[in-house]
Every structure is written in structure tokens, then in C-alpha cells.
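Just so it is clear, none of the values below were taken in a lab; they were calculated from the coordinates. Note that the structure is predicted; figures quoted are calculated from it, not measured. No Cβ is skipped: glycine too gets one built from the backbone with ideal geometry, and neighbour counts run over all protein chains shown.
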């Protein structure tokens, strides 16, 4: 496992923020610390990618976390991204929060 990219995204509620747009084919997981969330906050983690080299990038997976999370260091399921893609974070409700994140490659 290798940390490919990382940072902290301060969300603007209703805006989808691109965290990274890797181009290499790898299997990736997105890890996000949602400890700052309170009741009423909702955040969506999304991974997009194409099936074919020149294909259209589409949603591969989306995970939603709302309110206070018992285990706040959350992660997505591994996503196979053979042709790269885009990883995003979107806070859809609540007060804007700062979310530390990293993207790990599994291969």
C-alpha cells in the first residue's frame, strides 16, 4: 500500500470538490477523517473512472456519512481504476467542515 496523495479539504456545502485526478491504472481507496462532523452534517465520497481507455468517466462508487460517526477514520471500498479517474468529496448538508483525506493505492 502506498499513499498516493493527501490533504485537507474545507468543504463548501453543495460543492463537489475534486481531491485528485490520478491517471495511472491502479486500485485505490479513499480515506477521510470525518471526526469534525456533528448531527445534521452529511458528506459524500465519490470515485469516478472510465471502463475503456477513451471511455466516459462515470461513477464507480459513492459512500455517504451523516452525523457523528462512531469510527470517524472512514474509508471507501477499494475501487479498480484501470485508466485513472477522479476522487471527490461533497458535503451536502450541515455546516462546512474541514476533512483530512488521503488516497492509497493497493497495487
Exercise. How big is the Kirkwood radius of segment 59-107, worked out from every pair of different alpha carbons and given in Å to one decimal?
Worked result: 13.1
Problem set entry | Where Rh is the Kirkwood radius over Cα pairs, Rg/Rh for the chain | 0.97
For this session: Take the Cβ-Cβ distance between residue 54 and residue 95 as r, set R0 to 30 Å, and report the resulting FRET efficiency rounded to the nearest 0.05.
Result: 0.15
Seminar exercise, completed: residue 21 and residue 107 label points (each 7 Å along its Cα→Cβ direction) are spaced in nm at 2.4
Problem set entry | Ordering of 31-43, 8-20 by burial proxy (mean other Cβ atoms within 10 Å per residue, highest first) | 31-43, 8-20
For this session: In Å³ and rounded to a whole number, note down the convex hull volume per residue for the Cα atoms of segment 1-61.
Result: 114
